[in-house]
Each structure stands twice: as C-alpha cells, then as structure tokens.
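The values are calculated or read from the model by the stated rules, or taken from the named source; none is laboratory data. Quick caveat, the model's predicted, so the values are computed rather than measured. Ideal geometry is used to build each Cβ from the backbone, glycine not excepted, and the neighbour counts take in all protein chains shown. Note: accessible area is taken over every heavy atom of the protein model, side chains too, but ligands, DNA and RNA are not part of it. Shrake-Rupley method; radii C 1.70, N 1.55, O 1.52, S 1.80 Å.
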Amino acid sequence: MKSYNCNNFRDRLSVDLNKESITFFDSILTPLRILVRKLRLFREFFYDFNRFCRYSSVVHRGNEREKLQALLVMAYHSLEKGLSLPSPRPGFGIKHINTLISRLNLYVNKYGFDCYVMASLNALEAYNNFNINNGINNDYIDEYIRNLKSRLEINYEYELCSGTKTINKKEFIESSNVNFRKFFEARSSVRQYSEESVSSDYIKDAVKIALKTPCVCNRQSWKVRVFKEKENVKKILSIQEGAVGFAEKIGTLLIVSSDLSYFQSSGERNQCWVDGGLFSMSLLLALHSFGLVTCSLNWSKNSYIDNLLKETMDIPQSESIIMLISVGHPLHTFKVASSWRKPVEDIIFFDNDIS
C-alpha cells in the first residue's frame, strides 16, 4: 500500500495556494499600478499644459511686455526673411507691414523705445529702401518711419543691425575652414575640475557666441543663470541629484531655461525644448572653445522638483528649465567616459533607401 507524506503534501498545497494568491492579487494590483502611473503622467502633462496656457501668447496674446516683444520680433523677422530670398518681389508682405506697425504702436505707447523698437524700425526701413530702389514708393510707410524717428529720445543710443547683410563666398569659406570634427570630438562631459575659478568674462563671451543659435522666428527665448556662490551651487545640485561624486568640485553652475512668453501658438508647445536644446549645445561648444570643460546635467524632473528649484533660486514660472551645466578648468590629466556611439547607418536614412 502506497504511503503519503502529509508534510510534503501540505507544503505543496501551500505553495500552490500562494501562487494562486499572488496571481489573483497581481491581476488586481497590476491594473491599479498602471492607473497610478497614468495619473502621475497626466498630472505632469497638466502642469506643462497649464504653464503654456498661462505664460505663452496662445490664450492671452501679447498681454505682457515679453509676449509683445516676441510678437514684434516675429513681425519684423518676416520682412528680413523676405528680403533674404533669392529674388524678393517688390512690394511683398504688406500684411506683415500692417501687423508690425500695429504692434509697434502698441509697444511704444506702453513701454517706450528700446532695442526691440529699434530692430523693428531698422527692418521696416530696410524693407522701405528695397521697395524705393525697385521703383515702389509707399507714402504711408515713409511717413510712419519719419514720425517714429521724430519720437525717438534724443539721448537714445543702441547699436544694432536689422534687415539683411551681404556675405562674400570666399570669406564665408575661409571663416568656416576649421577642423570642426577634431574640435567637436575633443569635447566630452567632464566631471573632474581644477581649483581655478572660471572668469565671468568667459561665460559672457560664450553666451554671446551661443546667441547665433537658430531659433523659431529669431525670438531668442533663452535665459542663462550663473551661480558661483558655494551655498547656491550646493543647494541647486542637492535638488538636481545628478552630480553625485563630483558635486563638491563644481565651482560654476549654469541653469539654462527658455521663456514661454516668446511662443504664441499651440503648434509651438514643444518649441521651448527645441530652441533651448539647440542653445545649450551651442553654449557647451562655445565654452569648449575657451578651453573650459563642462558637464550637462539633465533636468528631467516632475512638477514638484521643478517648482522646488524655481522657488529656491527665484526662477519665474514662465520659464522652462532646459538643463544645468557645470563649468570648470581642466586638470593636467583627467578621465572621461568612453561612450559607445551608434553606427551612422542606424541614424541616417536617405530618401532613395526608403521604400
């Protein structure tokens, strides 16, 4: 007669019951976990949605100085783009002219004269001169320019250019004749710095270079905050939590942001990240050109952490933080991560290869 071990039977039964219990609870908990994740994601989307509605010109159009500045830039830059075409049509863009004049009147009456007004005026004058040279006189534009100039403050001085400029091919080729591959490939994210402090002049010059970064309608929504005080740097890095192991070596820290006030349509809801990312790369390369080493510290944070940094460092809610950048002088020898890069074939696709 076959004998049974009761203990083994009970153990097996217990294991089977536990498995069934786990499966049962998982069938309930897994959908709940997914729902919680979706709700968290929705909260973050709503945070971005709410900020874009409030601070951009999508809903409240041009109701603040920065918003109106962006609308001015959009209007006068449309004239600059038209003048830079291969064969501009004399008399083009009357619709843009009316928009520019309307916005100029509003801006000057509210805020007076500044560089935005001067840039608009220069573009308008360049447009008017182009038409005059092509046999088209517009008395309305002519008179408007004269009236606006007559209202200029006598002591107002601001050197800037607007309209178009002529580039010589030979000079262009000569100026671009640098070993950019070598320059670019020499840049890495560096986490080892010397004790030498970074001059503010380097930072200013790097930002000035980065201002040549392309951006939507030349609106230049960028902001750069420079922190050198040890306590400030420490506070920021403790919130960011991405510089563990080298935070104490960072003497200069930048926060790059993009101001939502400069965007004005639902189609531009992601443009602050595009423009801000391009500017950040330009800034990294400009700093590299001065022999400085940098490390990009990402800002992929939830709304709570985002608000915490803004409140701690007095950053307006209208700005979207793009990234943090640590800056320093290099050691005599230092190590960087030797990171693998994808094959070019995984990145690039030519139209004749796409079926």
Checklist entry - Of the conditions (1) under 33 Å from the mean Cα position of the chain (by Cα); (2) at pLDDT below 90; (3) surrounded by 17 or more Cβ atoms within 10 Å (Cβ to Cβ), TYR156 fails just one. Which one is it? => result (3)
Checklist entry - Could you list, in sequence order, the residues of the range 294-319 that are touching an Asp or Glu at 6+ places or on another chain (Cβ under 8 Å) and either on the phi > 0 side of the Ramachandran plot or part of a strand (DSSP E or B) (or both)? => result GLU319
Checklist entry - So which residues in the range 55-92 are in contact (Cβ under 8 Å) with a residue 12 or more places away in the chain and of a type in the set (Ser, Thr, Tyr), if there are any at all? => result TYR55, SER56, SER57, TYR76, SER78, SER84
Next on the checklist: When the residues of the range 314-335 are narrowed to those that are of a type in the set (Val, Ile, Thr) and either surrounded by 14 or more Cβ atoms within 10 Å (Cβ to Cβ) or touching a Lys or Arg at 6+ places or on another chain (Cβ under 7 Å) (or both), which ends up farthest from PHE42 (Cα to Cα)?
Outcome noted: VAL327
Checklist entry - Looking at SER197, is it open to solvent by 70 Å² or more (accessible area, probe 1.4 Å), in a helix (DSSP H, G or I) and among the small types (Gly, Ala, Ser)? => result no
Checklist entry - Is one or more of the residues making up the range 320-330 under 15 Å from the mean Cα position of the chain (by Cα), in a loop (DSSP other than H, G, I, E, B) and over 21 Å from ASN232 (Cβ atoms)? => result no
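Yes/no per residue for (1) assigned to a helix (DSSP H, G or I); (2) not aromatic (Phe, Trp, Tyr):
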residue: PRO86; (1), (2): no, yes
residue: GLY91; (1), (2): no, yes
residue: HIS96; (1), (2): yes, yes
residue: ASN105; (1), (2): yes, yes
residue: LEU121; (1), (2): yes, yes
residue: TYR127; (1), (2): yes, no
residue: PHE130; (1), (2): yes, no
Checklist entry - For the subset of the range 86-99 comprising residues that are farther than 13 Å from ASN131 by Cα and modelled with pLDDT under 90, which member is least open to solvent (accessible area, probe 1.4 Å)? => result HIS96
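A quick yes/no check of all residues on (1) exposed (fewer than 13 other Cβ atoms within 10 Å of the Cβ); (2) among the polar types (S, T, N, Q); (3) out of contact with any Leu (no Cβ under 7 Å at 6 or more places or on another chain); (4) farther than 20 Å from GLY91 by Cβ:
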{"residue": "VAL117", "(1), (2), (3), (4)": "no, no, no, yes"}
{"residue": "TYR127", "(1), (2), (3), (4)": "no, no, no, no"}
{"residue": "ASN131", "(1), (2), (3), (4)": "no, yes, yes, no"}
{"residue": "GLY135", "(1), (2), (3), (4)": "yes, no, yes, no"}
{"residue": "ASN138", "(1), (2), (3), (4)": "no, yes, yes, no"}
Checklist entry - So is LYS110 buried (at least 19 other Cβ atoms within 10 Å of the Cβ), modelled with pLDDT under 95 and touching a Lys or Arg at 6+ places or on another chain (Cβ under 9 Å) or not? => result no
Checklist entry - From SER261, SER238, SER257, SER280, which residue is among the small types (Gly, Ala, Ser), touching an Asp or Glu at 6+ places or on another chain (Cβ under 7 Å) and in a helix (DSSP H, G or I)? => result SER261
Item to check | Residue within the range 271-283 that is farther than 29 Å from GLU185 by Cβ, open to solvent by 30 Å² or more (accessible area, probe 1.4 Å) and of a type in the set (Ser, Thr, Tyr) present | outcome: no
Item to check | Residues satisfying the stated conditions in the range 23-54, i.e. open to solvent by 90 Å² or more (accessible area, probe 1.4 Å) and either charged (D, E, K, R) or in contact (Cβ under 8 Å) with a residue 12 or more places away in the chain (or both) | outcome: ARG33, ARG37, LYS38, ARG40, ARG43, ARG54
Next on the checklist: With the requirement that a residue be within 18 Å of SER282 (Cα to Cα) and aliphatic (A, V, I, L, M), what does the range 201-238 give you?
Outcome noted: ILE203, ALA206, VAL207, ILE209, ALA210, LEU211, VAL216, VAL224, VAL226
Next on the checklist: Looking only at the range 176-194, filter to residues that are within 28 Å of VAL244 (Cα to Cα) and assigned to a loop (DSSP other than H, G, I, E, B); which one of those is most open to solvent (accessible area, probe 1.4 Å)?
Outcome noted: ARG191
Checklist entry - What's the number of the condition ASN218 fails, among (1) over 18 Å from SER296 (Cα atoms); (2) in contact (Cβ under 8 Å) with a residue 24 or more places away in the chain; (3) open to solvent by 70 Å² or more (accessible area, probe 1.4 Å)? => result (3)
Checklist entry - Taking the range 227-250 only, how many residues are closer than 24 Å to SER289 by Cβ and either open to solvent by 70 Å² or more (accessible area, probe 1.4 Å) or of a type in the set (Lys, Arg) (or both)? => result 2
Item to check | So GLU311, is it under 30 Å from SER57 (Cβ atoms) and open to solvent by 80 Å² or more (accessible area, probe 1.4 Å) | outcome: yes
